[in-house]
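S.K.: Next up is a structure, given as structure tokens.
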Amino acid sequence: MKEQFTISIFTENKVGLLHRVTIIFTRRHINIESITASESEVKGIYRYTIVVFETRESVEKLVKQIEKQVDVFRAFYHTTDEIIHQEIALYKIATSSVQNGLGLEKIIRDHHARILSLGQDYIVIEKTGHKEDTKELFDSLRPFNVLEFVRSGRVAMMKEIDNFSDTLHELEKSYQ
Amino acid sequence: MKDVMEKETAKIIESEKNKTVVAEKISGAEAVVKCLLAEGVDLVFGFPGGAIMPVYDALYNYQDNLKHILVRHEQGAVHAAEGYARATGKVGVCIATSGPGATNLVTGIADAFIDSTPVVCITGQVASPLLGTDAFQETDVIGIVTPVTKWDIQITDANEIPEAFAKAFYIAKSGRPGPVVIDITKDAQFQQMEFKYEVCTKIRSYFPKPKIDLAKIEEAAELINKSQKPFLIFGQGVILGQAENELKSFLEKSGIPSAWTLLGLSALPNNHPQNFGMLGMHGNLAPNKLTNECDVLIAVGMRFDDRVTGDVKRYAKQAKIIHIELDAAEINKIIKADVEIHADAKEALFLLTNLIKPKTYSDWINQFKELQKIEYDKIIKHDLYPNEIGLKMSEVVRIVSEKINGDAIVVSDVGQHQMVVARYFNHKNTRSSITSGGLGTMGFCLPAAIGAKLGMPDKQVIAIIGDGGFQMTIQELGTILQTNVAVKVIILNNEFLGMVRQWQQMFFDKRYSQTEMINPDFIKIASGYGLEAQRVTKREELDSAIDKLLNAEAGYVLEVRVEKEDNVFPMIPTGASVSDIRLE
Ligand SMILES: Cc1ncc(C[n+]2csc(CCOP(=O)(O)OP(=O)(O)O)c2C)c(N)n1
């Protein structure tokens, strides 16, 4: 059975490594639903978060292939209920469209969103949340005519307490 | 007093001089050569061109320490490096220019990747300001090779050269070995830098050697000790892990029968009483059939390739599987293991040998022997001692094998003859069989044999090639000419792309679409390259022709005209189970 998995990969910061990791997916004809990369809590160690919709068996094998790469420290996979995750979305609407009294402020408040930038021509609203939440806000903003909408890939943390430094330490112990 | 002062001054001047020597700057190109020397490399294979010219210029000054073999095509360079690595156990090195030079390496890199062969490929690249501009002979080499390399790096600053090379060699040979590509821009080759080399022994994100889980060894030993019909199958992991002695000790103490994958060949002498031959598509009857009858299957340093397993849904379902493998990604990839031993074969076999009880499995071994006899009567006898007029590939291989008596390196290409060589050549020593297994690269044999011979100059190296594959890298005869490599070439000429023709005969109604070959006069070609050559068409001529080939001082080409439409059996057709192996 296919389900959503979030793969977290800890890597060195090296040119070409993202390519090396993504071709592990494409070679197996697996679509990447979303991908983000940034530095982790450990200086110089990067963290990719990749979301796929796949079977557990296939994800297990994928993760082993990823971990096999020389510049990858570790890779983990989790089902959605095993992680805490967010996405960020930005919405641009024309300032003029607000004047027709549709209660923009209330919508923003109800959705726990905020105004990021307020200009003469347009307003940019920001919301972080799960995909459904940012989608909901998008729907609520429809009457204002959304000029632009963008949503980031997922960022996620595991619910377990372990941090990466501990994991790394453990890893070193299990190899000669 | 003055004397003393003068002496002191002289000392100071001298030491200052030494300091400047240490701090002397060299070009990135010279640094490349010095890195190779620091890694103990004394032989490289390559072909020059614009973007790698500074390195070639640096090589010119180091000809006494670092021999460069000029090949005729970059594919030849990388296959030669592979042959060198497979024969010696050392890292093979090849050099090519940017663009077409680098893309010509790709087949060989892919070959080395799938067959776990340690090679370092150095490619020139256009100057860094030109990257991404579609400059003359610019290709995204790293982008192209990433899927088929263990690691790669592009260098745009000469100061990065020593660390990159140290890592490249360490990565290529440690853990599960594989190819590495270093792409160096031309400006970095010219750039002056201070050279300091430190051999790499650790990379913080890379864990080539797992710690053995002793509980798993105990679990495996328990299974084996309770087993009535255990069977051990091994692959190249035994050779790469230098575990040949441990394998032998394990087998001899345990009494367990064994068989090998194509790349595991030569890890255990063929005449060992517990060696029951080859697994897989054209392997032997007994090991294939009994894979589906054993109760414990111990797989060592192998990856359950589809040519070995046939239909995985009907592969060893009845057996408990113990998988000893260094590459964690191979465990449970194809066949689910009941006991996963993520370990180096040498260590794991050693520990396991201590825990198992000596046993004899007479009935079980007899099952192997009975099937062996059936195969001998139905196929082998006739293969080795045919009575029809046409010559068979198998009888040629038998005679060569008998004359050599195990003391040679045999390199084969891809096709029917490859299977025949694997089935009928008797090996005594490890690393004496070299062939392209995973990729099945036609054209591998001739350059790989050149590399093997240059790596092991005291060994007889025999290249056994089909007429099709020979013509894929035939130009490397020029390398033999120029470098004077005493490779002994045997062309088994059936005037067909034999293996494909066999499939057409069996599965495509004998529709021989594009498999018949009109060949050139191979003898004339060989003579054109200054090599002694002979053609044999009759059985009476064969024995003495082979003697002549083996006794030749220099490279030699023997063409044997064999039966045109002969087939290799046994065979497990694609999609069939190992137990459905066909004898005709
Ligand atoms: C580069 C490459 N192209 C195509 C093939 C497919 N192929 C496998 S075996 C074979 C026939 C080889 O013919 P030949 O070299 O004459 O050897 P024979 O089978 O007759 O012994 C072919 C075309 C291959 N393995 N490699």
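The values are calculated or read from the model by the stated rules, or taken from the named source; none is laboratory data. On a predicted model such as this, the values are computed, not experimentally measured, just so you know. A quick note on method: Cβ atoms are made from the backbone with ideal geometry, for glycine too, and the neighbour counts reach across all protein chains shown. The accessibility values were calculated without ligands, DNA or RNA, using every heavy atom of the protein model including side chains. Shrake-Rupley method; radii C 1.70, N 1.55, O 1.52, S 1.80 Å.
S.K.: Here's a check for you: in region B:317-327, which residue that is assigned to a loop (DSSP other than H, G, I, E, B) and either without any contact (Cβ under 8 Å) to a residue 60 or more places away in the chain or within 22 Å of B:SER174 (Cα to Cα) (or both) is farthest from the chain's Cα centre (by Cα)? Lay out the reasoning, then the answer.
M.R.: So the first thing to find is which residues in region B:317-327 are assigned to a loop (DSSP other than H, G, I, E, B), and the list is B:317-319, B:326-327.
Those left that are additionally either without any contact (Cβ under 8 Å) to a residue 60 or more places away in the chain or within 22 Å of B:SER174 (Cα to Cα) (or both): B:317-318, B:326-327.
Details: B:LYS317: 31, B:GLN318: 33, B:LEU326: 18, B:ASP327: 18 Å.
Checking each candidate, the answer is B:GLN318.
S.K.: Tell me, which residue of region B:518-532 that is assigned to a helix (DSSP H, G or I) and open to solvent by 60 Å² or more (accessible area, probe 1.4 Å) is nearest to the ligand (Cβ to nearest atom)?
M.R.: Within region B:518-532, the first condition is being assigned to a helix (DSSP H, G or I), and the residues that meet it are B:522-528.
Going one step further and asking which of them are open to solvent by 60 Å² or more (accessible area, probe 1.4 Å), we end up with B:524, B:527-528.
Details: B:LYS524: 19, B:SER527: 21, B:GLY528: 21 Å.
The residue in question is B:LYS524.
S.K.: Here's a follow-up. Assuming B:SER394 fulfils every condition listed in (1) touching a residue at least 40 places away in the same chain (Cβ under 8 Å); (2) within 16 Å of the ligand (Cβ to nearest atom) apart from one, which condition is it?
M.R.: (1)
S.K.: With A:ILE23, A:ILE9, A:ILE45, A:ILE50 as the choices, which residue is within 12 Å of another protein chain (Cβ to nearest Cβ) and under 17 Å from A:GLU82 (Cβ atoms)? Full working, then the answer.
M.R.: Values: A:ILE23 fails: under 17 Å from A:GLU82 (Cβ atoms); A:ILE45 fails: under 17 Å from A:GLU82 (Cβ atoms); A:ILE50 fails: within 12 Å of another protein chain (Cβ to nearest Cβ).
Result: A:ILE9 is the single residue among A:ILE23, A:ILE9, A:ILE45, A:ILE50 that is within 12 Å of another protein chain (Cβ to nearest Cβ) and under 17 Å from A:GLU82 (Cβ atoms).
S.K.: Just to check your reading of the model, which residue among B:LEU251, B:LEU279, B:LEU290 is without any contact (Cβ under 8 Å) to a residue 24 or more places away in the chain, of a type in the set (A, V, I, L, M, F, W, C) and either in the same structural domain as B:GLY40 (by TED's automatic domain parsing) or buried (at least 20 other Cβ atoms within 10 Å of the Cβ) (or both)? Working first, answer last.
M.R.: Numbers: B:LEU279 fails: without any contact (Cβ under 8 Å) to a residue 24 or more places away in the chain; B:LEU290 fails: without any contact (Cβ under 8 Å) to a residue 24 or more places away in the chain.
Going through B:LEU251, B:LEU279, B:LEU290 in turn, just one is without any contact (Cβ under 8 Å) to a residue 24 or more places away in the chain, of a type in the set (A, V, I, L, M, F, W, C) and either in the same structural domain as B:GLY40 (by TED's automatic domain parsing) or buried (at least 20 other Cβ atoms within 10 Å of the Cβ) (or both): B:LEU251.
S.K.: Okay, moving on. State all residues of region B:328-353 that are crowded, with 20+ Cβ neighbours inside 10 Å, part of a loop (DSSP other than H, G, I, E, B) and over 25 Å from the mean Cα position of the chain (by Cα); if no residue qualifies, say none.
M.R.: Selection gives B:ALA337 alone.
S.K.: For B:THR156, only one of the following conditions fails: (1) surrounded by fewer than 20 Cβ atoms within 10 Å (Cβ to Cβ); (2) out of contact with any Asp or Glu (no Cβ under 8 Å at 6 or more places or on another chain); (3) within 11 Å of chain A (Cβ to nearest Cβ). What is its number?
M.R.: Every condition holds for B:THR156 apart from (2).
S.K.: Among (1) under 30 Å from A:VAL72 (Cβ atoms); (2) touching a Leu at 6+ places or on another chain (Cβ under 6 Å), there is one condition A:GLY153 misses while meeting the rest; what is its number?
M.R.: Exception for A:GLY153: condition (2).
S.K.: OK, next. Consider A:ALA94 carefully, then state whether it is out of contact with any Pro (no Cβ under 7 Å at 6 or more places or on another chain), within 29 Å of A:ILE7 (Cβ to Cβ), hydrophobic (A, V, I, L, M, F, W, C) and away from every other protein chain (no Cβ under 14 Å).
M.R.: On the way: out of contact with any Pro (no Cβ under 7 Å at 6 or more places or on another chain): yes; within 29 Å of A:ILE7 (Cβ to Cβ): no; hydrophobic (A, V, I, L, M, F, W, C): yes; away from every other protein chain (no Cβ under 14 Å): yes.
Criteria not met by A:ALA94.
S.K.: Let me ask another. Given the conditions (1) in contact with a Pro (Cβ under 7 Å, 6 or more places away or on another chain); (2) farther than 21 Å from A:HIS19 by Cβ; (3) away from every other protein chain (no Cβ under 14 Å), which single one is not true for B:ILE109?
M.R.: Condition not satisfied by B:ILE109: (2).
S.K.: Of the conditions (1) under 20 Å from B:THR146 (Cα atoms); (2) within 11 Å of chain B (Cβ to nearest Cβ), A:HIS29 fails just one. Which one is it?
M.R.: (2)
S.K.: Being within 12 Å of A:ALA37 (Cα to Cα) and hydrophobic (A, V, I, L, M, F, W, C) is the filter here, so list the residues in region A:1-20 that pass it.
M.R.: The answer is A:ILE7, A:ILE9, A:PHE10, A:LEU17, A:LEU18.
S.K.: Can I ask one more? Go through region B:486-500 and give me each residue that's over 12 Å from B:VAL411 (Cβ atoms) and more than 16 Å from the ligand (Cβ to nearest atom).
M.R.: Keep residues of region B:486-500 that are over 12 Å from B:VAL411 (Cβ atoms), which gives B:486, B:491-500.
Passing the criteria: only B:ALA486.
S.K.: Would you mind telling me which numbered condition in (1) more than 14 Å from chain B (Cβ to nearest Cβ); (2) more than 12 Å from the chain's Cα centre (by Cα) A:ILE35 fails?
M.R.: The one condition A:ILE35 does not meet is (2).
S.K.: Consider B:ALA168 against the criteria (1) within 18 Å of B:LYS34 (Cα to Cα); (2) open to solvent by 30 Å² or more (accessible area, probe 1.4 Å); (3) within 14 Å of chain A (Cβ to nearest Cβ); (4) not polar (S, T, N, Q): it satisfies all of them except one. Which criterion is unmet?
M.R.: Of (1) within 18 Å of B:LYS34 (Cα to Cα); (2) open to solvent by 30 Å² or more (accessible area, probe 1.4 Å); (3) within 14 Å of chain A (Cβ to nearest Cβ); (4) not polar (S, T, N, Q), only one is false for B:ALA168: (2).
S.K.: Where residues in region B:220-232 are closer than 17 Å to B:HIS342 by Cα and surrounded by 23 or more Cβ atoms within 10 Å (Cβ to Cβ), which of them is nearest to the chain's Cα centre (by Cα)?
M.R.: B:LEU232
S.K.: Do we have B:THR515 as within 16 Å of the ligand (Cβ to nearest atom) and at pLDDT below 95 here? Before you say what the answer is, go through the steps one by one.
M.R.: Values: within 16 Å of the ligand (Cβ to nearest atom): yes; at pLDDT below 95: no.
Against the criterion (within 16 Å of the ligand (Cβ to nearest atom) and at pLDDT below 95), B:THR515 does not qualify.
S.K.: Let me ask another. Among the residues of region B:435-479, which ones are within 17 Å of the chain's Cα centre (by Cα), within 22 Å of B:GLU402 (Cα to Cα) and within 16 Å of the ligand (Cβ to nearest atom)?
M.R.: B:THR435, B:CYS445, B:ALA449, B:ILE462, B:ALA463, B:ILE464, B:ILE465
S.K.: Shifting gears a bit: Could you figure out which of (1) in contact with a Gly (Cβ under 8 Å, 6 or more places away or on another chain); (2) charged (D, E, K, R); (3) within 14 Å of another protein chain (Cβ to nearest Cβ); (4) surrounded by fewer than 24 Cβ atoms within 10 Å (Cβ to Cβ) isn't true of B:ARG303?
M.R.: It is condition (4) that B:ARG303 fails.
S.K.: Being in contact with a helix residue (DSSP H, G or I) (Cβ under 7 Å, 6 or more places away or on another chain), assigned to a helix (DSSP H, G or I) and within 16 Å of the ligand (Cβ to nearest atom): is that true of B:THR107 here? Walk me through how you get there before you give the answer.
M.R.: On the way: in contact with a helix residue (DSSP H, G or I) (Cβ under 7 Å, 6 or more places away or on another chain): yes; assigned to a helix (DSSP H, G or I): yes; within 16 Å of the ligand (Cβ to nearest atom): yes.
Here the answer is yes, as B:THR107 does meet what is asked.
S.K.: OK, next. Of the conditions (1) open to solvent by 10 Å² or more (accessible area, probe 1.4 Å); (2) closer than 16 Å to B:CYS445 by Cβ; (3) away from the ligand (no atom under 12 Å from the Cβ), B:THR483 clears all except one; give me its number.
M.R.: (2)
S.K.: Oh, and also: Can you name every residue in region B:181-224 that is more than 10 Å from every other protein chain (Cβ to nearest Cβ), within 30 Å of B:ASN354 (Cα to Cα), in contact with a strand residue (DSSP E or B) (Cβ under 6 Å, 6 or more places away or on another chain) and among the hydrophobic types (A, V, I, L, M, F, W, C)?
M.R.: B:ALA220, B:LEU223, B:ILE224
S.K.: State the number of residues belonging to region A:165-175 that are more than 12 Å from every other protein chain (Cβ to nearest Cβ) and surrounded by 12 or more Cβ atoms within 10 Å (Cβ to Cβ).
M.R.: The qualifying residues number 2.
S.K.: Pick from region B:410-434 the residues that are of a type in the set (A, V, I, L, M, F, W, C) and within 13 Å of the ligand (Cβ to nearest atom): which of them is nearest to B:GLU82 (Cα to Cα)?
M.R.: Step one: list which residues in region B:410-434 are of a type in the set (A, V, I, L, M, F, W, C), which gives B:410-411, B:414, B:419-422, B:425, B:434.
Then drop every residue that is not within 13 Å of the ligand (Cβ to nearest atom), which leaves B:414, B:419-422.
Working: B:VAL414: 15, B:MET419: 20, B:VAL420: 22, B:VAL421: 19, B:ALA422: 19 Å.
The residue in question is B:VAL414.
S.K.: Applying the selection to region B:438-466, what residues are of a type outside the set (A, V, I, L, M) and surrounded by 24 or more Cβ atoms within 10 Å (Cβ to Cβ)?
M.R.: The first filter runs over region B:438-466 and keeps only residues of a type outside the set (A, V, I, L, M), leaving B:438, B:440-441, B:443-445, B:447, B:451, B:453, B:455, B:457-460, B:466.
Of everything in region B:438-466, those that are of a type outside the set (A, V, I, L, M) and surrounded by 24 or more Cβ atoms within 10 Å (Cβ to Cβ) turn out to be B:THR441, B:GLY443, B:PHE444, B:CYS445, B:PRO447, B:GLY451, B:LYS453, B:GLY466.
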